[in-house]
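Asks: First the structure, then my questions, so here it is.
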Amino acid sequence: MSEYDFGFIAPPENGKGIKVTVNQFRNQWYVHLREYMEDQDDGTWFPTKKGIAVKAEHGRHTADSIVTGK
């Protein structure tokens, strides 16, 4: 499985932030917008259940819809 981490879309606050990642699952590419939380013990970041995954082929349309509200 391939995965690409594009980082946080804004500086994280209070141990939470939203990351953009792209990965391949069952020969399909997905774009993820997901909330990450920082582990207070060791400082690593881990994904939560809060977020969405969109097939990459629909990513541009989804992004345009989010921005324009249409």
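Asks: Quick one: angle between helix 59-68 and the longest Cα principal axis of the chain, in degrees between 0 and 90, rounded to 10, please.
Replies: That works out to roughly 80 degrees.
Asks: What distance in nm separates the simple spin-label points at residue 16 and residue 57, each placed 7 Å from Cα in the Cβ direction?
Replies: In this crude label model, residue 16 to residue 57 measures out at 3.5 nm.
Asks: Sequence gap of 8 or more, or different chains, plus Cα separation below 20 Å: how many lysine pairs satisfy both in the chain? Before the final figure, lay out each step's value.
Replies: On the way: 16/49; 16/50; 19/49; 19/50; 19/55; 55/70.
Qualifying lysine pairs in the chain: 6.
Asks: Can you give me the accessible area per residue for the chain, using a 1.4 Å probe, in Å²? Provide the component values of the computation, followed by the final result.
Replies: On the way: 5530 Å² over 70 residues.
Result: 79 Å² of accessible area for each residue.
Asks: Within the chain, what whole-number % of the accessible surface is contributed by carbon and sulfur, with the 1.4 Å probe and all protein chains included in the calculation?
Replies: After summing per-atom areas, the C and S share lands at 53 percent.
Asks: Going by amide H atoms built from the backbone, whose H comes under 5 Å of the H on residue 29, apart from near neighbours?
Replies: Correct list: 56.
The values are calculated or read from the model by the stated rules, or taken from the named source; none is laboratory data. Everything numeric here is computed off the predicted structure, so don't read it as measured data. Please note: Cβ atoms are built from the backbone with ideal geometry, for glycine as well, and neighbour counts cover all protein chains shown. What goes into the accessible areas is simple: the full protein's heavy atoms, side chains included, and nothing from ligands, DNA or RNA. Shrake-Rupley method; radii C 1.70, N 1.55, O 1.52, S 1.80 Å.
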